[in-house]
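Handing you this structure, nothing more for now.
The values are calculated or read from the model by the stated rules, or taken from the named source; none is laboratory data. Bear in mind the structure is a predicted one, so any value in this text is a computation, not a measurement. We place every Cβ from the backbone using ideal geometry, glycine too, and count neighbours over all the protein chains shown.
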Amino acid sequence: MVKWVDAVAKQNSLYITILIEQEDLRLSKDTKQIRNTKQRTHMFELLKSTKSHPNAFWLFERMKPRFPSLSLSTVYRNLGILEEQGMIQRLTCCSAFDRYDANVSDHSHFYCRNCNNVYDVDAEDIEAYAM
């Protein structure tokens with residue numbers, strides 16, 4: 001099964017075409033090809049499967065059994081690539097560690113100081129609570 005997803009990188013206004021084909025993910029940034037690994041594909045799938053806004057160590061712990069040679073630096077490097085490609089966003093305001101979100105749509109985040117969780121908040125929800 002092949003899906004085409006088109007996105008626009010917000011920071012540098014470059015057009016990004018993403019081709020997802022089973023276990024293989026190839027990213028094209030203008031004419032520069034970035035070969036994706038099984039690790040990066042699995043990481044992206046993990047991020048898409050959760051709404052918990054995990055940090056790099058959370059991802060590392062869940063990926064290590066499947067990829068025994070995985071290092072934490074590889075996780076950070078792949079997170080940087082996914083962020084650069086506009087596939088994920090990094091949240092830096094919440095805790096000592098950056099958190100990551102595969103939902104790149106326009107939305108806000110709520111950080112609970114009691115439980116240290118991060119929640120997605122839609123603009124419509126904010127307007128409803130403000131009234």
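Please specify each residue of the stretch 24-45 satisfying the condition of being of a type in the set (S, T, N, Q), modelled with pLDDT under 80 and outside any loop (DSSP other than H, G, I, E, B).
28, 33
Of the residues that sit in the stretch 46-70 and are in contact with an Asp or Glu (Cβ under 8 Å, 6 or more places away or on another chain) and not in a loop (DSSP other than H, G, I, E, B), which one is surrounded by the most Cβ atoms within 10 Å (Cβ to Cβ)?
47
Test each condition in (1) in contact with a Lys or Arg (Cβ under 9 Å, 6 or more places away or on another chain); (2) surrounded by fewer than 16 Cβ atoms within 10 Å (Cβ to Cβ); (3) charged (D, E, K, R) for residue 83 and report the one that comes out false.
(2)
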